[in-house]
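> Starting off with a structure, shown below.
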Amino acid sequence: MSIDLGVYFGGSSMSIAFSKDDKLSIIVNESGDRSTPSILAIEENEFSVGLPAKQNRIRNSKNTILHSKQFICKNSSQIDQSIKQKIDCETNLGVKECRAVLSIPLNFTKEQTEFLKNCAEKSGFQVLRMIRNPFAACMAYELDDDNSNDSIILVYQMGGNSIELTLISLSNGLYRLIDSVDLKSGGDQFTEIITEILIEEFKKKNKADPRGNKRSMFKLKSNAEELKHILSTMERAHCSIDALYDGIDFDYHLTRQRFESACTKVYQQILQPIDDLLKRNNLNEENIDKVVLCGAGTKMCRLQTLLKQKFGESKLLNYLSPDEVIALGNAKQCAILFNSKLKKSSENDRFFKSLSSPVYLQVGDSPDRILIAKKNTPLPLKRNLNLEFDLAAPRLVFLEADDKILATIKLDSFKSKEIGILFQIKLNETIEISVTETNSNERISLFLNSEENPE
């Protein structure tokens, strides 16, 4: 027996979905939950993942890793064990073959992508493809099934400590990345606001401040996170903590109205980047055909209300659980890929490839950089440049973001400073660079092979 799986490894939670008979479902873990916290703990050379690691965080805080996705490629043994145990506990379905599609953030590097893929393969997955999170969310809603109209989609993803806004065009069933923006904020901000409310209420009732006690603060933050999730579906939530501080019990009812009122400024902060993203792409709200929500943070009622007011209720897609939608889209893509392989069809080619990082050119010793192609430029890519270089510093340096060098070309043999440059990136990310001296037509060529980049 074989199964088609969709794996989502997020910063705050992880989930796995499967496809069977054209139906998508989430696999519950050994605790009966549909998602698992992305928390890894190490104690006496043993690893625990998910809920057990979260529950023991107070007594093992120094050896507990939150948002473990950020450590990919930084601590391979820990993340490898984290993924492996997660897979073992959620895919113990008695199947001989686990085909899978995994998704990754837009800003994942090739090294991080390859590392995550290798971890999954070591754990028994047959990885058919790695795709980007926003595309997976769109796949879950089957937006590509309608080939009659072109459309523009905004994917709004909010995790615990990150927000990713992505613009995608859909034409003839093919997705293309237009632009994206990342924010260093997320659902944890709202948890902190609730924590502060609870602290103030405790101080008001008991004339004592629990901030200086680590155990008390852990209890408050854990309860604040739970209250946040409850208020996504209920008008009020009850908090009850035994011996919170100095032996004092704490009980409090938090209303959604008070919570939303305290978060007014944060809502403004996390919605403003939408306007900035639209403006820099010469778009407005009327140009957006669908808004896809993903990430547990987008379950908050006030956020959904504000998005409905901004774009119109009919455009908002939220009938799938936002914290499951990416895993569901991955499972759907996995089934499509496997069925296409059986039929020897090309139905799996639903994504335009694009650059994951901008490409710059630095000429000689000049500190200035020439932008060759910005991030998210569709592939294949071809650029022609005509310029002059300094004969005293005869070199060209091609770079990606964070000063990562793609290639260095020395021009010592050129006698004149006028050159023409042809820069190309193929669909498989092979890079071809040709530099021609204008006067003599002498040419220097460079070819760089690369692993195929995920869609």
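> Anything in region 1-19 that is surrounded by fewer than 20 Cβ atoms within 10 Å (Cβ to Cβ) and assigned to a strand (DSSP E or B)? List them, or say none.
Scanning region 1-19 gives a single hit, 2.
> Restricting to region 147-168, give me the number of residues that are touching a Gly at 6+ places or on another chain (Cβ under 8 Å), surrounded by fewer than 24 Cβ atoms within 10 Å (Cβ to Cβ) and either closer than 16 Å to residue 329 by Cα or not hydrophobic (A, V, I, L, M, F, W, C) (or both).
The qualifying residues number 3.
> If a residue has to be over 15 Å from residue 9 (Cα atoms) and buried (at least 17 other Cβ atoms within 10 Å of the Cβ) to count, how many in region 20-46 make the cut?
Qualifying residue count for the region: 3.
> Tally time: how many residues in region 191-247 are of a type in the set (Phe, Trp, Tyr) and under 17 Å from residue 54 (Cβ atoms)?
1
> In region 260-291, how many are touching a strand residue (DSSP E or B) at 6+ places or on another chain (Cβ under 8 Å) and either of a type in the set (Ser, Thr, Tyr) or in the same structural domain as residue 228 (by TED's automatic domain parsing) (or both)?
0
> Still on this structure, please answer the following. So, of the residues in region 169-186 that are in a loop (DSSP other than H, G, I, E, B) and over 17 Å from the mean Cα position of the chain (by Cα), which turns out to be surrounded by the most Cβ atoms within 10 Å (Cβ to Cβ)?
Top of the filtered list is 173.
> Moving to a separate point now. Would you mind finding the one in 191, 166 that is β-branched (Val, Ile, Thr) and free of Cβ contacts under 8 Å to residues at least 40 places away in the same chain?
When all the criteria are applied, what remains is 191.
The values are calculated or read from the model by the stated rules, or taken from the named source; none is laboratory data. Only a predicted model underlies this, so the values are computations on that prediction, with no experimental measurement involved. For neighbour counting, all protein chains shown are included, and Cβ atoms are generated from backbone atoms with ideal geometry for every residue, glycine included.
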